[in-house]
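Since the structure comes first, as structure tokens, the remarks are kept for the end.
All of the numbers you see were taken from the coordinates with simple rules; none came from a lab. In this text the structure is predicted, and so the values were computed from the model without any measurement. Quick reminder, even Gly has a Cβ in these numbers, built from the backbone with ideal geometry, and neighbours come from all protein chains shown.
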Amino acid sequence: MELLLFRSLIAAHIIAGSIGALSFWVPVIGRKGGVAHRKWGRVFTVALLITGSLAISMSLFTLADPVTVHPRLAGKFSPAFIRGIFGWMMLHIGILTINLAWYGWLCVRNKRNTAANRTLVNVGLQYLVIIAALNCAFQGWLIGQPLMMGIAIVGVATGGTNLAFLYNPAPPPGEWLKEHIKAIVGAGISVYTAFMAFGSVRIFPAMALHPMMWTIPLSIGLAIILYHRRTIDLQRRGRPSTAVARQAVAVD
């Protein structure tokens, strides 16, 4: 029964994650601020919130009984490895995904009203992702998995930079848009990384911890973020506020 429920969570996770991974490109590539942009931005946000929630549920099952819920991996990896990668690290990534999707949505919803972003849930998610990241690093150190320690840096950096923006008394004009893009693209990086890394454990176990599985989504995502940040800066110099507003990925 436990295994059946876990496999149902996997199926739902794959479906939600696939919807998020596909819808991600419409706001990124399409015309900013249009009807399609807003529509698919909402689809992406909801899909990522569901995906992250399912990832957390799966991680808790793994932490409770790693061998039972991962019978195909039991003979290939130790219970400590399964619990570390599919338990603690997936818990961290699940929280990170929810954090980024929710934070990015609030940034574009409230725009220049930064104070409105300081809700109990949003601020709590920042501290929660930092705690999950530090625990992931600690658990990785215990089992000798540097990948877990490396991915934890992303969680700490995310929570830290988000809090810095949330409590900045006078953020620069257009900074809310940069934060929105950082968060939404970061969520996209998260879902693609999960597909490549966790999926490869089942299909190509030897490639599961290969740096390529983690660096490809990260490199593409960072390039998208830097491109959009530069675009915003250039537009602000030529056409203040209105040009920046048109660049918003409006998901409310």
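Our helix-only sum for the chain, with -39,500 (n - 2.57) per DSSP H run of n ≥ 4 divided by its residues, gives a mean residue ellipticity at 222 nm of -26000 deg cm²/dmol. If you line up the long axis of helix 2-23 against the longest principal axis of the chain, both from Cα atoms, how many degrees apart are they, to the nearest 10? The angle comes out at about 30 degrees. Note on region 1-70: semi-axes of the ellipsoid equivalent to its C-alpha gyration tensor, largest first and rounded to whole Å, are 32, 9, 8.
The alpha carbons of region 45-138 occupy a box of 53, 27, 16 Å along the principal axes, longest dimension given first.
Modelled this way, with points 7 Å down the Cα-to-C-beta line, the labels at Ile153 and Ile14 are 3.3 nm from one another. Placing one equal scatterer on every Cα of region 85-166 and applying the Debye formula, the log10 ratio I(q)/I(0) at q = 0.15 Å⁻¹ is -0.51. Sorted from greatest to least, the principal axis extents spanned by the alpha carbons of the chain come out as 61, 33, 31 Å. The ranking of Cys107, Cys136 from fewest to most other beta carbons within 10 Å of each one's beta carbon is Cys107, Cys136.
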